[in-house]
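Report on the following structure.
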Amino acid sequence: MTRTPVNVTVTGAAGQIGYALLFRIASGHLLGPDVPVRLRLLEIPQAVKAAEGTAMELDDCAFPLLSGIDITDDAKTAFDGVNVALLVGARPRTKGMERGDLLEANGGIFKPQGEAINAGAADDVRVLVVGNPANTNALIAQQHAPDVPAERFTAMTRLDHNRALSQLAKKLGVSVTDIKKLTIWGNHSATQYPDLFRAEVNGQVAAEAVNDQAWLENEFIPTVAKRGAAIIEARGASSAASAANAAIDHVYDWVNGTAEGDWVSMAIPSDGSYGVPEGLISSFPVTVTDGEYSIVQGLEIDEFSRARIDASVAELVEERDAVKALGLI
Ligand code: NAD
Ligand code: LMR
């Protein structure tokens, strides 16, 4: 049976994450090995030529699932009929830039993209924001797309989730597949809280399996939360292949569902669960069934975890208030 291709739009397509992401989308890793895709690449005018070069390479792979590629510098064209929108392109922080400047510069990107999604996206559109500050950029885009259900706007904390799995597996000498129910709470920033008190390793509470509070507090949490900065320091550029891989994981699970007895971390609009103010785009433990995610309910939150979740959520409130003050939402 021939299926209609799914329209996947990638912004910042000529950037380093774009380069690591597009080939995996085209080879079927984003949606599944039997789902044809049509790619729409959005770039700023100066980078359209580079995106054309990437498109030439995509052509040269002769991917059976890739039904076509459009390249544009116009957001309305890029998001017309979009089913999956990967908002990767963002304004990086440059020397002398304050946090407010960064939020303002990104508001100039995510506001018109939200409007374009509102104007033209398909009814089933799913949006993943990767560009930083991802949670707040997702909030800006969402606020300018009032006709799209709010829960379709998500931000990426899956890279943090995968980083935490890997650090924990190393510490315990187990496989990442032995670990279940790990959660990243809060913001994709250094305040995020990777939670081992609800995670399980071969059925045992992960924090108990570790049995080393000093490692948990002084090594594990800071290593995961500051891994992005450590990669920049080591590579001279921010994470790209691992970020692209996490974007693939996020969308694949959102579309195809999470495994029985496990959950994943996604930054999604809060419904007020776990004391996170409604509407903030914050990371939670989620399961996905039939293409719809839900926050895992009923987890008991200990005091140690509560303080850390609250600190990250407080930062999200600050970011939201800052973009509000700038008139961006
Ligand atoms: P990059 O600088 O290599 O590429 C960004 C691309 O975006 C550039 O090609 C640029 O021309 C394009 N761009 C800028 N404004 C645009 C606009 N308005 N429309 C379309 N394209 C636009 O950066 P990168 O390494 O690919 O990273 C992209 C973003 O992802 C950064 O904000 C980075 O901080 C973020 N990031 C997030 C995570 C996460 O876990 N959430 C992880 C890694 C990186
Ligand atoms: C990461 O977590 O690797 C990135 O968000 C770091 C960054 O600032 O781009």
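The values are calculated or read from the model by the stated rules, or taken from the named source; none is laboratory data. Note that the structure is predicted; figures quoted are calculated from it, not measured. Every residue, glycine among them, receives a Cβ derived from its backbone with ideal geometry; neighbour counts consider all protein chains shown. SASA here: full protein model, heavy atoms, side chains in, ligands and nucleic acids out. Shrake-Rupley method; radii C 1.70, N 1.55, O 1.52, S 1.80 Å.
Helical content alone sets the calculated 222 nm signal of the chain at -12500 deg cm²/dmol, taking -39,500 (n - 2.57) per DSSP H segment of four or more residues and averaging over every residue.
With both partners inside the chain, how many of the DSSP beta bridges are antiparallel, as a percent to the nearest 5? Mind showing how you got there, number by number?
On the way: 19 of 42 bridges.
Antiparallel bridges make up about 45 percent of those DSSP assigns within the chain.
Summing charges over neighbours of D147, with a neighbour being any other residue whose Cβ is under 12 Å away from its Cβ, gives -1 when K and R count +1 and D and E count -1.
The range 269-329 and the range 80-121 have their alpha-carbon centroids 21 Å apart.
The modelled label-to-label distance between A62 and N256, using points 7 Å beyond Cα along the C-beta direction, is 2.5 nm.
A P(r) calculated from all alpha carbon pairs of the chain, with 20 Å bins opening at zero, reads 33, 59, 8 percent.
Of L299, L42, L165, the residue with the greatest mean-square motion in the GNM of the chain, using alpha carbon springs below 10 Å, is L299.
Note on the range 6-155: with charges restricted to the Cβ of Lys and Arg (+1) and Asp and Glu (-1), its dipole about the Cα centre is near 420 debye. The Cα atoms of the range 6-155 give a gyration tensor whose axes a ≥ b ≥ c have a/c of 1.5 or more with a/b no greater than b/c, which makes the shape oblate. Listed by chain and number, the lysines whose alpha-carbon sits under 25 Å from that of K181, ignoring those within fewer than 8 places in the same chain, are K170, K171, K226. The local environment of I69, defined by Cβ-Cβ distances under 9 Å, has a net charge of 0 under the rule Lys, Arg +1 and Asp, Glu -1.
The range 1-70 and the range 233-260 have Cα centres separated by 16 Å. For the chain, carbon and sulfur atoms together expose 49% of the accessible surface, with a 1.4 angstrom probe and every protein chain in place.
The shape of the range 157-321 comes out rounded: with a ≥ b ≥ c from the C-alpha gyration tensor, a/c is under 1.5.
Put simply, when 144-155, 44-55, 219-230 are sorted by average Cβ atoms within 10 angstrom per residue, most first, you get 144-155, 219-230, 44-55. Just check the range 15-67 against the gyration tensor rule for me: Cα atoms, a ≥ b ≥ c as the square roots of the eigenvalues, rounded for a/c under 1.5, and otherwise prolate or oblate depending on whether a/b exceeds b/c. Prolate shape, in that a/c is at least 1.5 and a/b is the bigger ratio. When the chain is treated as a GNM with alpha-carbon contacts under 10 Å, the residue of A243, A122, A14 showing the greatest mean-square fluctuation is A122.
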